[in-house]
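The block underneath contains the structure these notes are about, expressed in structure tokens.
The values are calculated or read from the model by the stated rules, or taken from the named source; none is laboratory data. Predicted model, so just to flag it, every value in this text is computed and none were measured. No Cβ is skipped: glycine too gets one built from the backbone with ideal geometry, and neighbour counts run over all protein chains shown.
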Amino acid sequence: MPDAVLLLSLVVLPFLGAITAGLLPSQARNAAAILAGAIALIGLALIWVAYPTVAAGSVLRAEFAWMPALGLNLSLRMDGFAWLFAGLITGIGALVVLYARYYISEDDPVPRFFAFLLAFMGAMTGVVVSGNLIQLAFFWELTSLLSFLLIGYWHHVAAAREGARMSLTITAAGGLALFAGVLVLGHIAGSYDLDSVLAAGDRIRAHPLYLPALVLILLGALTKSAQFPFHFWLPHAMAAPTPVSAYLHSATLVKAGVFLMARLWPVLSGTDAWFLIVGSAGLITLLVGAYIAIFQNDLKGLLAYSTISHLGLITLLLGLNSELALVAAVFHIVNHAAFKCSLFMAAGIIDHETGTRDIRRLSGLNRSMPFTARLALVAAAAMAGVPLLNGFISKEMFFAEALTAESPMGLMNILPFAAMLASAFAVAYSLRFIHGAFFGPEPTDLPRTPHEPANWMRLPVELLVLVCIMVGVLPAATVGPFLAIAVRSVLGEQVPYYSLAIWHGVNLPLAMSMAAMAAGIVLYLLLHRKLRVGLERPPLLGRLEGQRIFERSMVFLSWRLARRVERLAGTRRLQPQLRLIVGIAIMGGAAAVWLRGVGPGNLPSTGFDPVLALVWCVGGACAIGAAWMAKFHRLAALILLGGSGLAVVLTFVWFSAPDLALTQLTVEVVTTVLLLLGLRWLPKRVQLPGDSGPEVLTRTRRLRDLALALGAGCGLAALSYAVMTRVPPELLAQHFLQRAYTEGGGTNAVNVILVDFRGFDTLGEIFVVAAVALTAYALLRRFRPAADSVALPDQQAGADGTTAGTAMTARGEVAAGGDWLLVPFMLTRLIFPAMLVVAVFLLLRGHDLPGGGFSAGMVVAIAIILQYMIGGTDWTEDRLRLRPQLWVGAGLLVAAGTALAALAFGRPFLTTYFAYADLPLFGRVPTASALIFDIGIFALVVGSTLLMLVALAHQSVRAHRAVAGER
């Protein structure tokens, strides 16, 4: 199988599965589970297909041109380390899917759960196989967003919402720091390609910007892996369903941080700064997490803090600047994923079958759940580091590194004692998990009668426990080859000697392990009675409770600081906000002109033209009149504003810009109608403190607004004059004019710029337009105007321009309005097909002559608006069967699909194709793939406009009927 197909399938298949699962009905529980499981197993099979290549020391690569001019490509790269992580993501993902099928209730929207899970699987796979740093940062933030959805899956539970918000706040903020860090790192290395960055380690460490890049990248890694002081978000994420905890918080999400640190270890490690930041964070997290875990009363809370501790252990190993420590860290990543995922699933089984996770209420479950008890016992023993289990081997490797670690500042002299203390804590909380839940007297007053779960639900736990035993007994034969290829891909050929034997003789690490186990047993026995009763918070660390720190920080940022900023710059009125925005824009433009300088060009003046001056005078008078009338009559102000827009249209025509004129004209028509529909819902004017003062205050305010308007308008006019009076060689337009046909296949340079040269900008803009339209629809759908703001047909026009015809048109009652509507009613029916023909004409000719998808879409929107103005919403929807959401979705898919199609032919993203086709009867006809992109724009513009029209029109219908019912 080609590398490109394999790697692209690994990343894309989960997202396609997520879309498919999201479209399934909420009752399709089995179908969603089978789909998710099949995709996870296909991914696992693809990873096994890649094994011979990575085992031989080769790297699978696939690169697709994206923005070659900026050095940005869609790059996928799988070496041994990425292969190991991808195996964890897909393998454990398949087990979690099977477990979730029986855990998630039928009352929950199960397809939505699997859609989120598959999307997260794709994002996490994208992180580990990214061959480009910016691409890695993109997938990194995507994992934060999708984990937010998974943690908050039970959105009706306050704890789930709070945990999701907390995790997103911390991890997304760290992701922004990571993005800044990779930008700096790419600047130092001269490339964002991962291979180039990994080969530039010496240059990066010697660069003055090394420390800023290191701090920013580590902020992203430490927040994602819940390291001190960012550890507090993980326990609150336990409000998520247990399958989410088993997947995100044992094998995937929280491992992303340690993955990144190990991935960039050859580049960033080996310095005192690395040792101090990474080593200190790992050591503190190791001890704090293990200590707090002992006192947790919730089974998942105990496992959450133990996860924090083990992540601290991995981070500490990575911070020691030792190759052998790196080997131990990678090994423990695999071991921890196995035993912690099985323990989370066991805790979920207990909760599922008993109705509680509170250790204080649980006891004696060994009698009613013997198989689950034995599985949990083995997994907990592996977590505690008991011999002949996988956790014991990596723990011994940790002890060995703790004894030999060297620090230039002598801070690691305490490391052996800290390692033993953390190990003793691990034994204590493992004993509490097992003894508290499964031993002791029979439980009483449980919400449910405990019993064994379904066999298929327990199967994932059995497989993971089997892995713990096999790795513990036969480490070299089971995990040895996989660990070897992962370590070699990070360290290169300079891999130090290490042994995975289960017996190294009687040595100091073994003695430390035995002493730690004994100390942990004694500690648990001493605390047993107090733990059975339960403590509100751990002794000594109550003031370091994460939630308290986070809440205080959020109160300061979102309440105190935000209130102060709001008092300084915020207002409930729109005009002061616009005044601030325009003022800042003027200052920014003036600063740029002051620094760079500007002046008139060297083109001769064309002289004074009285006709154009008259047009401008009319437009200026309309603008001033609109500003003046806005205080008294909103409808009149809107009409005058339209007159000013028409003056702009004539100006574009005068200066030979027909594309701009056509666009401006259609936008003016649609905007005016939509504003008219929304005009009736504007709130009534109220007397504010500033308006009730002396007349001089009002005059001063209006003069200030006039000065801002004149400053902005005159400044932009002067800048436009300076640009348009340059000789052609100085103009950027010459670049596009010379290449519009030869490289874009069109003679209309404006359209070629939009769909080809600057197509990436256009693609982003149409996504923004779609988001705005959907947001407006969502807001207006729930909007309920006050009854006293609705004008019935028998009412007169008010100060805001509400007329009898507006309400009557909204009802679609043409006959009731009188015979005077019959003639325009019939004319609009005749005009409608003609306008559609004009729209198709503009669409097809847009690449060579004035027109294009945007103008054509606006013409269709105007045609439908005309039908609405006469026939109303009911007639328009019944006859035309509008489906704006489908238009929007289809437009986005067509435009994005056209952009992505170039990748299938080995060309950069959004590359267009141009050729001549010989057609019968028509002869030689120019064809360009940009037309398909333009069709997507056309569909999106139609859908977005109609979506806002339908939303506003339905408000008129709803309000009119409500008031009519009251009357």
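Only one of the numbered conditions (1) hydrophobic (A, V, I, L, M, F, W, C); (2) in contact (Cβ under 8 Å) with a residue 12 or more places away in the chain; (3) more than 15 Å from A717 (Cβ to Cβ) is violated by V611, and that is (2). In the stretch 297-346, of all residues being among the charged types (D, E, K, R) and in contact with a Lys or Arg (Cβ under 7 Å, 6 or more places away or on another chain), the one that is surrounded by the most Cβ atoms within 10 Å (Cβ to Cβ) corresponds to K300.
Once the stretch 630-681 is narrowed to residues that are surrounded by 17 or more Cβ atoms within 10 Å (Cβ to Cβ) and among the basic types (K, R), the residue that is farthest from the chain's Cα centre (by Cα) is R634. Of all the numbered requirements in (1) surrounded by 24 or more Cβ atoms within 10 Å (Cβ to Cβ); (2) of a type outside the set (A, V, I, L, M); (3) more than 30 Å from A82 (Cβ to Cβ), S363 misses one, and that requirement is (1).
Any residue at all in the stretch 608-626 that's outside any helix (DSSP H, G or I), out of contact with any Gly (no Cβ under 9 Å at 6 or more places or on another chain) and at pLDDT below 80? Yes - at least one qualifying residue is present in the stretch 608-626. When the residues of the stretch 429-481 are filtered to those that are of a type in the set (S, T, N, Q) and farther than 27 Å from V334 by Cα, the one that is nearest to the chain's Cα centre (by Cα) is T449.
When only residues in the stretch 219-249 that are of a type outside the set (G, A, S) and part of a loop (DSSP other than H, G, I, E, B) count, which is farthest from L287 (Cα to Cα)? Of everything passing the filter in the stretch 219-249, P241 is farthest from L287 (Cα to Cα). Checked against the criteria, L219 counts as within 24 Å of the chain's Cα centre (by Cα) and surrounded by fewer than 24 Cβ atoms within 10 Å (Cβ to Cβ).
Rundown of residues vs (1) farther than 30 Å from R61 by Cβ; (2) loosely packed, with under 12 Cβ neighbours inside 10 Å; (3) of a type in the set (D, E, K, R); (4) touching a residue at least 60 places away in the same chain (Cβ under 8 Å), yes/no style:
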{"position": "F482", "(1), (2), (3), (4)": "no, no, no, yes"}
{"position": "S489", "(1), (2), (3), (4)": "no, no, no, yes"}
{"position": "N507", "(1), (2), (3), (4)": "yes, no, no, no"}
{"position": "A515", "(1), (2), (3), (4)": "yes, no, no, yes"}
{"position": "A519", "(1), (2), (3), (4)": "yes, no, no, yes"}
{"position": "L523", "(1), (2), (3), (4)": "yes, no, no, yes"}
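Applying the criterion of being free of Cβ contacts under 8 Å to residues at least 24 places away in the same chain and of a type outside the set (A, V, I, L, M) to the residues of the stretch 744-767, the residue that is surrounded by the most Cβ atoms within 10 Å (Cβ to Cβ) is F757.
Only helices (runs of 4 or more DSSP H) whose full extent lies in the stretch 403-490 are considered here, and the ones with at least 2 residues that are within 30 Å of V533 (Cα to Cα) and hydroxyl-bearing (S, T, Y) are 415-438. Summed over the stretch 374-391, residues that are surrounded by fewer than 22 Cβ atoms within 10 Å (Cβ to Cβ) and farther than 13 Å from S430 by Cα total 3.
On inspection, P243 fails the criterion of being surrounded by fewer than 24 Cβ atoms within 10 Å (Cβ to Cβ) and more than 21 Å from the chain's Cα centre (by Cα).
The set of residues from the stretch 44-65 being in contact with a strand residue (DSSP E or B) (Cβ under 7 Å, 6 or more places away or on another chain) and not aromatic (F, W, Y) comprises A50, T53, V54, V59, L60, R61, A62, E63, A65.
This table checks each residue for (1) touching a helix residue (DSSP H, G or I) at 6+ places or on another chain (Cβ under 6 Å); (2) in a helix (DSSP H, G or I); (3) modelled with pLDDT of 95 or more.
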residue: L302; (1), (2), (3): yes, yes, no
residue: Y305; (1), (2), (3): yes, yes, no
residue: E353; (1), (2), (3): no, yes, no
residue: T356; (1), (2), (3): no, no, no
residue: R360; (1), (2), (3): no, no, no
